[in-house]
Amino acid sequence: MAVLRVKFTKTKRDKLAQVLWILNWVSVVTGAILFSLGLFLKVEINRREELMAEGAIQYVPNMLIAVGLIACVINFLGGKICYDCVDTTKFLRWKLIMLPYIIFTFFFTFCVLVGALMCYSMRGELEDSLNVGLTQAMRFYKDTDIPGRCFLKRTVDLLQIEFHCCGNNDYKDWFQIQWISNRYLDRSRKEVLDRLRSNVEGKYLMDRVPFSCCNINSPRPCIQHQITNNSAHFNYEHQTEELNLWMKGCRQALLDYYTHITHSIGLTVLILSVLTGVRYLQTSLENVLKHGDPNSESDGWLLENSFIETARTNLNIIKSLGKSNQIDTELGQELQLRSTLCFCVENYEQSHINA
């Protein structure tokens, strides 16, 4: 018994083909957008690779690029098939191709679903990578005179300005590292020496942040020195001055930015709907050809038999293929043995004649 049988008239078949043609072209555009998003994400990750741990994930943008390209090809072909299927005579040229096309599209859709899960699972891995990378970049912020690190100050400053963030988790992260180089510390001043001696590791720690942490929307001049000292500034309470500095950490800002790009998974549902429609169109047109009347009604279905019968049939096909391969192997071994025996007999006869 057919699964999800639907009866189609000539008008319904034509409308189904037209709708599927439109959906396929929408899917082509969506695939192009997905391809562009993959390229954009790849460029963005490479731009900020110094802010991530070594070996940062690249499989997500590569997956988006591949899915976008394949979606464009599949749905372009699907659009052509659906356009020609309005005419029953043109359907004959696609009859043998449609079933492999549907099977391939089904497996591609499964791969897209796996890719979607990878995009969601990427968040935890990306967060760990950003946590390590940002912590390391902040620690090297002061090393403007060391080759290989001299660009990190500019990178971190531009990051905090562009994404309106400060520090790794928040602005207090800057209190725990020395982000001013020793070259710019006046060691002749007593307060500088006292601060260096007060730290076990000899670091110059203070409640200050770089200028790039300043919130441009703040109504007062930015307070980036002695942030936790309320008495050092007039009419100031650092617990309530949320507009003075960017409050969001850069790890969260970048995480939101990248995950927003990767949440472009609507293509999957679109491909599934197109795939289902193409299967109905294929089976209904095949039944029209059996009737011999292009204007007659015909039945369409997803599976010609029940799920159990279909699985049993496919299993038998696989078994028969295995048996045929085994027979071919045995036949090949027998032929090889015969050729070897013939060769030995010929050599024996030749040697006997020579003797």
Item to complete: First select every other residue whose beta carbon is under 11 angstrom from the beta carbon of Phe140; then total the charges, Lys and Arg +1, Asp and Glu -1.
Response: +2
Practice prompt. For segment 22-34, just list the computed ³J(HN,Hα) in residue order, Karplus coefficients 6.51, -1.76 and 1.60, θ = phi - 60°, integers in Hz, with x standing in for Gly and Pro.
Written response: 5, 5, 5, 6, 5, 5, 4, 5, 5, x, 5, 5, 5
Worksheet entry | Spatially near lysine pairs across segment 93-207, Cα under 26 Å, sequence gap of 8 or more or different chains | 9
Worksheet, complete the sentence: One finds the C-alpha centres of segment 154-168 and segment 10-48 to be spaced, in Å, by 34
Item to complete: For segment 135-266, just say rounded, prolate or oblate: build the C-alpha gyration tensor, square-root its eigenvalues into a ≥ b ≥ c, call rounded for a/c under 1.5, and beyond that prolate if a/b exceeds b/c, oblate if not.
Response: oblate
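Bear in mind that the values in this text are calculations on the coordinates, not laboratory data. What you see is a predicted model, and the numbers here were worked out from it, not measured in a lab. Virtual Cβ from ideal backbone geometry, glycine too; neighbours counted across all protein chains shown.
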